[in-house]
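The values are calculated or read from the model by the stated rules, or taken from the named source; none is laboratory data. Since we're looking at a predicted model, the values are computed, not measured. Positions of Cβ are backbone-derived with ideal geometry, glycine not excepted, and every protein chain shown enters the neighbour counts. Keep in mind that these areas ignore ligands, DNA and RNA; they rest on the heavy atoms of the full protein, side chains included. Shrake-Rupley method; radii C 1.70, N 1.55, O 1.52, S 1.80 Å.
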Amino acid sequence: MQNQAVIGAKEGTTEAIVLQFGRDVTDSILKTADGVDLKGIDEYHLYDLVQVCIQGADRPATGDILGHLVEIISTRFDFRKKIINNVEALRAKTARLSTYGVNMDDTQIALIILANIEVAATQEYGSEFKTALQTIRRRYNYSHVHTAASIAAIITELAAADAVRQLKDAPAPSKGFANAVADQYSTFAQLLQGAATYIDSDDDEGTAAAASDDDRSAASSRRGRKKDKKKDKKKSSKKDKSRSRSRPKIKHKCPHCKAQKRGSEHPKHIPFDKCNWNPDYKGYRQGWVCRILGIDFKPRKDFTPEL
């Protein structure tokens, strides 16, 4: 009787949550990996359901949504787990993205699955996938439009390989084949990340930083022209003098802007310790700034609003 009461309470809570937030938010937890059938009452936790509702209620910046899309496209399977578990995790990510109005259909999900399998099949720990991959390629050509049914068939083929391979032999996603998967998407990811950086750079700090980047390009051009000075000193000298008169030198008060020789003044409303060029600053900074400073880029969603 007590177990029935607990199950009844869980079902009632689930129903109330679905009614409040909608199935677009809750299906990532309540449905199976193929996105068709509902899970049993014992196959999910209320904690996970509440967490996905909290995430669905947030309203992130457009650049953050773009970052989520890049993250999903470059998903790296953990082959220490079975394929069905990895697909469930992938489905959960795409379902969360749909709450922001961005839908990834089965053709894209199938592409991510097959890309991971192709890389794993070239590794010793994933050699069992070779036969399954050959079967999948014979059944579906490269231009096949995948559906939930074809994905289910692919998962069935891969499950046979899961049954005989040693899961413990596979490395963590950050090692081994993970870098190879990332390389396949690096160009696309850089393109989208560049777009996200452009979107997030509409504040005064971003505008000033962009002017600095233009100044660095001009400085690079000046260095190239200095080499030609040896061939024609008089002509080059006139150009240098004209250029120096057209752009007055800026006296920087910010030590970080001065160290980077920025071509624009430090924004008045930004404290020096929060300057984008301060290596010790712990807040958000644009991707191209991170590349110049030689530090890892972190998306805006990883920082608190005041940073």
Q. Has segment 101-112 got at least one residue that is assigned to a loop (DSSP other than H, G, I, E, B), of a type in the set (A, V, I, L, M, F, W, C) and under 19 Å from the mean Cα position of the chain (by Cα)?
A. yes
(Q) If I go through segment 271-296 residue by residue, how many of them are within 17 Å of the chain's Cα centre (by Cα), without any contact (Cβ under 8 Å) to a residue 60 or more places away in the chain and not in a loop (DSSP other than H, G, I, E, B)? (A) 2
**Q.** Residues that are open to solvent by 40 Å² or more (accessible area, probe 1.4 Å) and either among the hydrophobic types (A, V, I, L, M, F, W, C) or closer than 23 Å to residue 64 by Cα (or both), drawn from segment 246-278
**A.** 250, 259, 272, 274
Q: State all residues of segment 102-134 that are open to solvent by less than 30 Å² (accessible area, probe 1.4 Å) and among the polar types (S, T, N, Q); if no residue qualifies, say none.
A: 116
Q) residue 23 passes all but one of (1) over 24 Å from the mean Cα position of the chain (by Cα); (2) open to solvent by less than 40 Å² (accessible area, probe 1.4 Å); (3) among the charged types (D, E, K, R); which number fails? A) (2)
Q | Meets criteria (more than 30 Å from residue 7 (Cα to Cα), acidic (Asp, Glu) and free of Cβ contacts under 8 Å to residues at least 40 places away in the same chain) for residue 71 | A | yes
**Q.** Conditions (1) over 27 Å from residue 48 (Cβ atoms); (2) crowded, with 18+ Cβ neighbours inside 10 Å; (3) hydroxyl-bearing (Ser, Thr, Tyr): number failed by residue 99
**A.** (1)
Q) Considering only residues of segment 114-146 that are touching a Ser or Thr at 6+ places or on another chain (Cβ under 8 Å) and hydrophobic (A, V, I, L, M, F, W, C), which is farthest from residue 79 (Cα to Cα)? A) 145
Q | Filtered residues of segment 68-100 (kept if part of a loop (DSSP other than H, G, I, E, B) and over 16 Å from residue 33 (Cα atoms)) | A | 74, 76, 79, 80, 99, 100
